[in-house]
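Remarks on the structure that follows.
The values are calculated or read from the model by the stated rules, or taken from the named source; none is laboratory data. Everything numeric in this text was worked out from a predicted model, so none of it was measured. Here Cβ is always computed from backbone atoms with ideal geometry, including for glycine, and neighbour counts include all displayed protein chains. These accessible areas exclude ligands, DNA and RNA; they are computed on the full protein's heavy atoms, side chains included. Shrake-Rupley method; radii C 1.70, N 1.55, O 1.52, S 1.80 Å.
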Amino acid sequence: MSAMRYTYLGPEGTFTEAALRTLPEAATRELVPMVSVPAALDAVRSGEAAAALVPIENSVEGGVTTTVDELAKGEPLMIYREVVLPITFALLVRPGTQLTDIKTVTGHPVAQPQVRNWLAAHLPDALWESAASNADGARLVQEGRFDAAFAGKFAAATYGLEPLVSEIHDAANAATRFVLAGRPARPAAPTGADKTSVVIWLGDDHPGALLELLQEFAVRGVNLMRIESRPTGQGIGNYCFSVDAEGHITDRRVGEALMGLKRICPQVRFLGSYPRAGMTSADVRQLRPGTSDAEFVAASDWLTRCQDGRF
């Protein structure tokens, strides 16, 4: 049944699979690897799967543009939760391969910036060619098409490889953020440590256009955690903005900010309000004075009294 099926960016042995298996419900779901992010998300759109886990942001390389773009177009999907996974690579090789034997290496394009310095220091003459995923790179090594692949150490056993070098990373504390996307429904109740994601389209290009969008958040005390411009495909200079904001859509400050955007933008796509990975309400910074739900309600009540002549 599709309700028991989750898709993810495959093949087996990807960091995406490792992230998915951290979710408690993964133990009771059929986990199906897909060849690409669009394929994983389209399986949800078609009803073949209940949800898909896909990478959306890396602490070194930034946004995963394929995921950002796929969530911005097509039949709407909604983010229900996020997973942040620490990332460190192993150099996987066929048994018996030595470092001096390696002439070609592969891995996901997002992996290359995270191991670039290590490659320059230890394999300066090796030829890099990107693979569809890190695990797919491991499969290509297994088939003899490359000498080595950068992937998770856990992928070695799946593909009959050995980790020649482990704990490879140019940046300490590197991590990738993944999101679990499903069909639209009522967002989960707020936890006090939430994130709201939207995609916003500009009405027209004019001085201060982006500032007008940002002010909708700023004047209500909504902190932005990520903003990324993406081309709309309608010509040079036409952009939409993928935004992550602190808070939940049921928070008055967030809801009013979204209403403000809806008034001035030709299109706003709500992508969900969901718990922030590894956070509790105790970890969230204090709100700016005047931006709590109680203060919004009090201001609304005051306006009503004024309109009724009860001020």
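By per-residue mean of other Cβ atoms within 10 Å, what is the highest-first order of 222-231, 282-291?
Most protected by this proxy first, the peptides run 222-231, 282-291.
Which FRET efficiency, nearest 0.05, do I227 and E162 yield, Cβ-Cβ r, R0 35 Å? Intermediate results must be reported in sequence, preceding the final value.
Details: r = 42 Å, r/R0 = 1.21.
Working from the Cβ atoms, E equals 0.25.
Skipping prolines and chain starts, which residues have an amide H placed within reach, meaning under 5 Å, of the one on R226, given they are 5 or more residues away or on another chain?
Distant-sequence amide H within range of R226: D244.
Can you send over the solvent-accessible area of L140, 1.4 Å probe, protein chains only, in Å² to the nearest 10?
10 Å²
If the cut-off is a Cα-Cα distance under 27 Å, which lysines reach K262, setting aside same-chain residues fewer than 8 apart in sequence?
Result set, ordered by chain and number: K73, K195.
Build a GNM of the chain with springs between Cα atoms under 10 Å: which of T158, T100, T176 gets the top mean-square fluctuation?
Evaluated over the chain, the most mobile residue of the options is T100.
From the backbone phi of the range 119-131, what are the Karplus-calculated ³J(HN,Hα) couplings (6.51 cos²θ - 1.76 cosθ + 1.60, θ = phi - 60°) in whole Hz, Gly and Pro given as x?
4, 4, 7, 10, 9, x, 9, 6, 8, 9, 9, 6, 10
Near the amide H of A151, under 5 Å away, which other amide H atoms are found, from residues 5 or more places off or on another chain, if H is placed in the peptide plane?
Those lying under 5 Å, H to H, from A151 are A90, L92.
In a Gaussian network model over the chain where Cα atoms closer than 10 Å are linked, find which of L71, L261, L20 has the largest mean-square fluctuation.
Residue with maximal mean-square fluctuation among L71, L261, L20: L261.
Relative contact order for the chain: what is it in percent, counting Cα pairs under 8 Å that are at least 6 residues apart?
Rounded, it is 20 percent for the chain.
As a test, work out the antiparallel percent of DSSP beta bridges whose residues both lie in the range 87-166, rounded to the nearest 5.
The antiparallel proportion sits near 55 percent.
Could you work out the helix-only [θ] at 222 nm for the chain, with each DSSP H run of four or more residues adding -39,500 (n - 2.57) and the total divided by the number of residues, to the nearest 500 deg cm²/dmol?
Working: 8 runs with 81 residues, N = 311.
Taken over the chain, the calculation gives -7500 deg cm²/dmol.
Per residue, what accessible area does the range 185-310 have, given a 1.4 Å probe and all protein chains present, in Å²?
That works out to 55 Å² for each residue.
Please say if the range 87-166 is rounded, prolate or oblate, where rounded means a/c under 1.5 for a ≥ b ≥ c the square roots of the C-alpha gyration tensor eigenvalues, and otherwise the choice is prolate for a/b larger than b/c and oblate otherwise?
In terms of gyration-tensor shape, rounded.
Counting only DSSP beta bridges with both residues in the chain, what percent are antiparallel, rounded to the nearest 5?
75 percent
Which of the three applies to the range 170-217, rounded, prolate or oblate, going by the alpha-carbon gyration tensor with a ≥ b ≥ c and a/c under 1.5 meaning rounded?
Oblate is the answer for the range 170-217, as a/c is 1.5 or above yet b/c matches or exceeds a/b.
So which aspartates and glutamates can K153 reach, going by Cα to Cα under 15 Å and dropping same-chain residues fewer than 8 places off?
Candidates past the 8-residue exclusion: E12, E17, D136, E162, E167.
Non-local amide H neighbours of N58 (under 5 Å, H modeled in plane, Pro and chain starts lacking H): which ones?
The list, which skips near neighbours in sequence, is G63, V64, R177.
Shape call for the range 1-58 from the C-alpha gyration tensor, a ≥ b ≥ c root eigenvalues: rounded (a/c under 1.5), prolate (a/b greater than b/c) or oblate?
Oblate, because a/c is 1.5 or more while a/b does not exceed b/c.
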